[in-house]
């Protein structure tokens, strides 16, 4: 097996390095930049270079490139501390989740603005009394007609204060074993009933947040994939 970089990959690495260095020059250098380096302006520049959604299928607007190409770009960005956090979760997790499990309507609604670098997504997973043990989570989404009514609390939600949307992991049923009845719902972060508090860590970073959901209503159509699956 040949592990030598191809000429195209070397060219991609050089282009990514120049973009990354330019981002640091304009917007600053960040340690753990995929978590701390937040710049919506740089997200637009990444989009212009087609560095968002590189490995997504072309039929969903992505680049259709192998995962190693995305890794090359990410390596150059992280190496110099370029501020890539504003699009990191959407590119790495939310977009692929919608491509794999979402409806066509969800893909049409959310993927283009991810690819354009227009939006930031966060993940509502950890809870104060559960950590990242999802089988123990207690945040609930209960049906009320064509809506879910969400109540509960999340913690360690990176960029909860800046995000446009949360990919919320919540309980839609208490029947069966603890790991059953857990669903994934898209929640606009400007929804009434959401309260956000930033958490200052010992390094003075503020990307972590506590988020409270108090009778937050979202359409049932915002569920990603099958309920409880």
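A count restricted to the range 57-74 and to residues that are free of Cβ contacts under 8 Å to residues at least 60 places away in the same chain and under 17 Å from residue 12 (Cα atoms) stands at 10.
Residues checked against (1) touching a helix residue (DSSP H, G or I) at 6+ places or on another chain (Cβ under 8 Å); (2) on the phi > 0 side of the Ramachandran plot; (3) loosely packed, with under 12 Cβ neighbours inside 10 Å:
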site: 4; (1), (2), (3): no, no, yes
site: 9; (1), (2), (3): yes, no, no
site: 12; (1), (2), (3): yes, no, no
site: 17; (1), (2), (3): yes, no, no
site: 20; (1), (2), (3): yes, no, no
site: 28; (1), (2), (3): no, yes, no
site: 33; (1), (2), (3): yes, no, no
site: 36; (1), (2), (3): yes, no, no
site: 47; (1), (2), (3): yes, no, no
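Do you know which residues across the range 89-109 are in contact with a helix residue (DSSP H, G or I) (Cβ under 6 Å, 6 or more places away or on another chain) and touching a residue at least 40 places away in the same chain (Cβ under 8 Å)? Within the range 89-109, 95, 98, 99, 106, 107 meet the criteria. So which residues in the range 175-191 are part of a strand (DSSP E or B) and at positive phi, if there are any at all? Scanning the range 175-191 gives no hits. The helices (runs of 4 or more DSSP H) falling completely within the range 1-107 that include 1 or more residues that are outside the structural domain of residue 183 (by TED's automatic domain parsing), closer than 30 Å to residue 220 by Cα and touching a strand residue (DSSP E or B) at 6+ places or on another chain (Cβ under 7 Å) map to 85-89, 95-101.
Looking only at the range 200-213, residues that are in a loop (DSSP other than H, G, I, E, B) and within 19 Å of the chain's Cα centre (by Cα) come to 4 in all.
When 130, 86, 116, 141 are screened for being in contact (Cβ under 8 Å) with a residue 40 or more places away in the chain and surrounded by fewer than 19 Cβ atoms within 10 Å (Cβ to Cβ), only 116 passes. When the criteria are applied in full, residue 159 meets the requirement of being touching a strand residue (DSSP E or B) at 6+ places or on another chain (Cβ under 6 Å), within 24 Å of residue 195 (Cα to Cα) and at pLDDT below 95.
The values are calculated or read from the model by the stated rules, or taken from the named source; none is laboratory data. The structure displayed is predicted, hence computed values, not measured ones. Neighbour counts run over all protein chains shown; Cβ positions are idealised from the backbone, glycine included.
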